[in-house]
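*Asks:* To start, I am sharing the structure in question, which I have written as structure tokens.
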Amino acid sequence: MRWSKTLLTTLREDPKDAEIVSHKLMMRAGLLVKLEGGLYSYSPLGVRVLHKVEQIVREEMDRAGACEVLFTALQPISLWEESGRAGIMGKSMFRLRDRNDNTMVLGPTHEEVATDYLRTLVSSYRQLPATVYQIQTKFRDEIRPRFGLMRCKEFVMKDAYSFDLTSEDADVSYQKMYDAYLRIFKRCGLDAHPVEADTGAIGGNHSHEFMVLAPSGEDGILHCPACRYAANQERAERQAPPCDYATPSAEPRAKVATPGAHTVDEAAAALGIPSDQVVKSLVYLADGKPVMVLVRGNADLCEPKLRRLLGCGELEMADPETTARAAGPFGSIGPIGVSIPVYADYGLREARDVAVGAGEEGFHVAHCNLMDDPDVKIAQWADLATVVAGDRCPKCGAPLELARGIEVGHVFKLGLKYTKAMKFTVLDQNKQSVTPVMGCYGIGVSRTVQAIAEQNNDKDGIVWPAAVSPCQVALLQLDAKSEAVVAAVAEIESKLEAAGADVLVDDRDERPGIKFKDADLIGCTVRVTVGARSLEKGGVEIRLRRTGETQLVPVADAPAKILGLLAAN
Ligand SMILES: [Zn+2]
């Protein structure tokens, strides 16, 4: 590839809207070109990285026994109504109408289409297990697209779907995908960690995310240095923290005036007790029905946990009117005597002397015994609090640590969720009708591209691992007027390309300094400089991007030397 033909343009300055290093560098290196917020085109070099990651994914999916297919991006909403998900996806799903006024969606994911595909083709147990996958463009109407390819409206995903006769077989299919994911991310040069995760709108009962640790990551990950437990903050559990108020007070339950106290801290100050001893009461609407949630004063409710517990679709904080009717005004909400169901976090399980809102503006109730008070009816105790750094590991009790991560893959055990709703059955050995067990497995391919750049860069630019580098070799032609230089460049280029290496010849009429800077910015694995002066000195200068190691090599030996460096890096 000759630079002069690529329209490739690098930028000296960071684009204004780029917040994280990988987005800045991808834009500056000219790998992406912005159309508008959340929509990016790939340049000739950008698309090469994308294709290389796709190819690694493809090879490992094939190796794991999955078969490649290609579904349509456009899907009828009727399939989503069949699975019961039409409402759950909300505004994040692009909907449109065809000329016959049928509602269609631009697929954000393909569980329904995959299930329909299988039920069309499969009727016997002999055809299972089966895993299909595709690499395709997905669409999501993001509220706030940002971070370049990390969160955009159109992106490339690999999605796979497994179908098995039994739950045990489904576990085997899940493990094959899990192992394939570890191989994929390793080959991409990524340090990715599997963590237990929430299943969200996809559903199912068990899932792992593959996380690339990075300070810019949008997800919190709790991990245990002692036993290697790791989970997304939306999912992480903890051992209940010790309770300093497990003994009932000698004093009776009492309503106390707390004028102007609307937050937990204000109420605690008014009552002269620690914040942790004031119960935080919240009212939510779960599919439109009000429920109350109690957590410790210094804890936060983890909404995904509540959603999971209630098995609801829509979950939102109740409006002031609903809250006031059900449990009192904001700032004085409390569980005493309410008629809506109350769910309490395990962290309150020993709480026998706490303060709660009185359900009346300006008042709290002190010395409430949550465990035994006949006026407090707890519908269910559950793990509902957001786990934070320092909480105790659910497996071994050691203090958990918090890290940030970028989700690049997600694997789910779906069970019968889709196959049952969509009435997909097969006949087993005894001619009995059986509903297959399903799993689904996603990799954000375009997001993985950027995650690689997020994890592999230095002050000069991106340092692509050779396996996914947009050009493995940057061949800088410094003196275009010298016939010897032009001939040496052509010779090295043709030998490298014959050996299958990607070469970018910088044949622009630019100063050497600019060519050096751009090669580093783009992150070509090896930089080869061919100039009149280097030829006089006896060869070409070969420099490894990752280490800066430089050597002068005779033209005839250069291709073999370069190929050796690519193989080792
Ligand atoms: Zn542990």
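The values are calculated or read from the model by the stated rules, or taken from the named source; none is laboratory data. Everything quoted here is computed from the prediction, not taken from an experiment. Every residue, glycine as well, gets a Cβ built from its backbone with ideal geometry; the counts of neighbours run over all protein chains shown.
*Asks:* Across the range 11-37, which residue is nearest to the chain's Cα centre (by Cα) among those that are of a type in the set (A, V, I, L, M, F, W, C) and assigned to a helix (DSSP H, G or I)?
*Replies:* Restricting attention to the range 11-37, the residues satisfying the condition of being of a type in the set (A, V, I, L, M, F, W, C) are 11, 18, 20-21, 25-27, 29, 31-33, 35.
When the remaining residues are screened for being assigned to a helix (DSSP H, G or I), the result is 21, 25-27.
Details: Val21: 17, Leu25: 20, Met26: 19, Met27: 21 Å.
Restricting to residues being of a type in the set (A, V, I, L, M, F, W, C) and assigned to a helix (DSSP H, G or I), the top hit is Val21.
*Asks:* Quick check: is even one residue across the range 81-97 β-branched (Val, Ile, Thr) and surrounded by fewer than 14 Cβ atoms within 10 Å (Cβ to Cβ)? Spell out how you get there, then give the answer.
*Replies:* Of the residues in the range 81-97, the ones β-branched (Val, Ile, Thr) are 88.
With surrounded by fewer than 14 Cβ atoms within 10 Å (Cβ to Cβ) added as a condition, the list becomes none.
Scanning the range 81-97 turns up no residue that is β-branched (Val, Ile, Thr) and surrounded by fewer than 14 Cβ atoms within 10 Å (Cβ to Cβ).
*Asks:* Which strands (runs of 3 or more DSSP E) does the range 452-569 wholly contain that include 1 or more residues that are of a type in the set (Asp, Glu)? Give the steps one after another, and end with the answer.
*Replies:* Values: elements: 473-477, 503-506, 526-530, 540-544, 550-553.
Qualifying strands (runs of 3 or more DSSP E): 503-506, 540-544.
*Asks:* While we're here: For residues that are assigned to a loop (DSSP other than H, G, I, E, B) and free of Cβ contacts under 8 Å to residues at least 60 places away in the same chain, scanning just the range 265-304, find the one that is surrounded by the most Cβ atoms within 10 Å (Cβ to Cβ).
*Replies:* Step one: list which residues in the range 265-304 are assigned to a loop (DSSP other than H, G, I, E, B), which gives 272-274, 279, 287-288, 296-300, 302.
Keeping just the survivors that are free of Cβ contacts under 8 Å to residues at least 60 places away in the same chain gives 272, 274, 287-288, 297-298.
Values: Gly272: 8, Pro274: 13, Asp287: 12, Gly288: 10, Gly297: 20, Asn298: 18.
Looking at residues that are assigned to a loop (DSSP other than H, G, I, E, B) and free of Cβ contacts under 8 Å to residues at least 60 places away in the same chain, I get Gly297.
*Asks:* Now a separate question. Could you check Ser332 against (1) in contact with a Leu (Cβ under 7 Å, 6 or more places away or on another chain); (2) over 24 Å from Gln233 (Cα atoms); (3) at pLDDT below 95 and say which number it fails?
*Replies:* (1)
*Asks:* OK, next. Got a sec? Which of Ala358, Ala318, Ala351, Ala324 is of a type in the set (Gly, Ala, Ser) and touching a Ser or Thr at 6+ places or on another chain (Cβ under 8 Å)?
*Replies:* Values: Ala318 fails: touching a Ser or Thr at 6+ places or on another chain (Cβ under 8 Å); Ala351 fails: touching a Ser or Thr at 6+ places or on another chain (Cβ under 8 Å); Ala324 fails: touching a Ser or Thr at 6+ places or on another chain (Cβ under 8 Å).
It is Ala358.
*Asks:* Additional query: Looking only at residues in the range 145-165 that are at pLDDT below 95 and of a type in the set (A, V, I, L, M), which one is farthest from the chain's Cα centre (by Cα)?
*Replies:* Leu149
*Asks:* May I ask you to list the residues in the range 129-150 that are within 17 Å of Tyr117 (Cβ to Cβ) and of a type in the set (A, V, I, L, M, F, W, C)?
*Replies:* Ala130, Val132, Ile135
*Asks:* Follow-up question, since we're still on this one. Which residue out of Ala351, Ala318 is crowded, with 21+ Cβ neighbours inside 10 Å and either among the basic types (Lys, Arg) or closer than 14 Å to Val376 by Cα (or both)?
*Replies:* On the way: Ala318 fails: either among the basic types (Lys, Arg) or closer than 14 Å to Val376 by Cα (or both).
Of the residues listed, the single one that is crowded, with 21+ Cβ neighbours inside 10 Å and either among the basic types (Lys, Arg) or closer than 14 Å to Val376 by Cα (or both) is Ala351.
*Asks:* In addition: Anything in the range 391-408 that is small (Gly, Ala, Ser) and more than 9 Å from the ligand (Cβ to nearest atom)? List them, or say none. Write out each step before concluding.
*Replies:* So the first thing to find is which residues in the range 391-408 are small (Gly, Ala, Ser), and the list is 397-398, 403, 405.
Of everything in the range 391-408, those that are small (Gly, Ala, Ser) and more than 9 Å from the ligand (Cβ to nearest atom) turn out to be Ala403, Gly405.
*Asks:* Also: Tell me yes or no: at least one residue of the range 156-163 is outside any strand (DSSP E or B) and either free of Cβ contacts under 8 Å to residues at least 24 places away in the same chain or buried (at least 20 other Cβ atoms within 10 Å of the Cβ) (or both). Let's see the steps before the verdict.
*Replies:* We begin by selecting, within the range 156-163, every residue outside any strand (DSSP E or B); these are none.
Within the range 156-163, not a single residue is outside any strand (DSSP E or B) and either free of Cβ contacts under 8 Å to residues at least 24 places away in the same chain or buried (at least 20 other Cβ atoms within 10 Å of the Cβ) (or both).
*Asks:* When you go through Pro194, Pro248, Pro215 one by one, which is the residue that is more than 20 Å from Met150 (Cβ to Cβ) and either surrounded by fewer than 20 Cβ atoms within 10 Å (Cβ to Cβ) or within 36 Å of the chain's Cα centre (by Cα) (or both)?
*Replies:* Details: Pro194 fails: more than 20 Å from Met150 (Cβ to Cβ); Pro215 fails: more than 20 Å from Met150 (Cβ to Cβ).
Of the residues listed, the single one that is more than 20 Å from Met150 (Cβ to Cβ) and either surrounded by fewer than 20 Cβ atoms within 10 Å (Cβ to Cβ) or within 36 Å of the chain's Cα centre (by Cα) (or both) is Pro248.
*Asks:* Oh, and also: Filter the range 197-243 for residues that are within 15 Å of the ligand (Cβ to nearest atom), touching a Cys at 6+ places or on another chain (Cβ under 8 Å) and not in a strand (DSSP E or B) and give the result.
*Replies:* Result: Cys224, Ala226, Cys227, Tyr229, Arg238.
*Asks:* Looking at the range 118-144, which of its residues are in a loop (DSSP other than H, G, I, E, B), surrounded by fewer than 19 Cβ atoms within 10 Å (Cβ to Cβ) and within 26 Å of the chain's Cα centre (by Cα)?
*Replies:* Of everything in the range 118-144, those that are in a loop (DSSP other than H, G, I, E, B), surrounded by fewer than 19 Cβ atoms within 10 Å (Cβ to Cβ) and within 26 Å of the chain's Cα centre (by Cα) turn out to be Asp141, Glu142, Ile143, Arg144.
*Asks:* Go over the candidates Val388, Val411 one by one and state the one that is outside the structural domain of Val278 (by TED's automatic domain parsing) and either within 16 Å of the ligand (Cβ to nearest atom) or more than 34 Å from the chain's Cα centre (by Cα) (or both). Give the steps one after another, and end with the answer.
*Replies:* Details: Val411 fails: either within 16 Å of the ligand (Cβ to nearest atom) or more than 34 Å from the chain's Cα centre (by Cα) (or both).
Unique residue meeting the criteria: Val388.
*Asks:* Right, something else. Restricted to the range 355-380, and to residues that are in a strand (DSSP E or B) and exposed (fewer than 15 other Cβ atoms within 10 Å of the Cβ), which residue is nearest to the ligand (Cβ to nearest atom)? I'd like the intermediate steps shown before the answer.
*Replies:* Going residue by residue through the range 355-380, those that are in a strand (DSSP E or B) are 355-357, 363-368, 378-380.
If we keep only those that are exposed (fewer than 15 other Cβ atoms within 10 Å of the Cβ) too, we end up with 379-380.
Details: Ala379: 31, Gln380: 26 Å.
Filtering the range 355-380 for residues that are in a strand (DSSP E or B) and exposed (fewer than 15 other Cβ atoms within 10 Å of the Cβ), the one nearest to the ligand (Cβ to nearest atom) comes out as Gln380.
*Asks:* Additional query: Taking Pro248 as meeting all but one of (1) under 20 Å from Asp276 (Cα atoms); (2) within 16 Å of the ligand (Cβ to nearest atom); (3) of a type outside the set (A, V, I, L, M), write down the number of the exception.
*Replies:* With respect to (1) under 20 Å from Asp276 (Cα atoms); (2) within 16 Å of the ligand (Cβ to nearest atom); (3) of a type outside the set (A, V, I, L, M), Pro248 is out only on (2).
*Asks:* What pairs can you find where one residue is in the range 7-23 and more than 29 Å from Val505 (Cα to Cα), the other is surrounded by fewer than 19 Cβ atoms within 10 Å (Cβ to Cβ) and charged (D, E, K, R), and their Cβ atoms are less than 8 Å apart, with a gap of 6+ or different chains?
*Replies:* Asp17/Arg146; Glu19/Arg146
*Asks:* A follow-up question, please. From Val486, Val473, Val434, Val463, grab the single residue that is surrounded by fewer than 18 Cβ atoms within 10 Å (Cβ to Cβ), touching a Ser or Thr at 6+ places or on another chain (Cβ under 9 Å) and either in the same structural domain as Cys152 (by TED's automatic domain parsing) or within 26 Å of Val553 (Cβ to Cβ) (or both).
*Replies:* None of the others qualify; the one that does is Val434.
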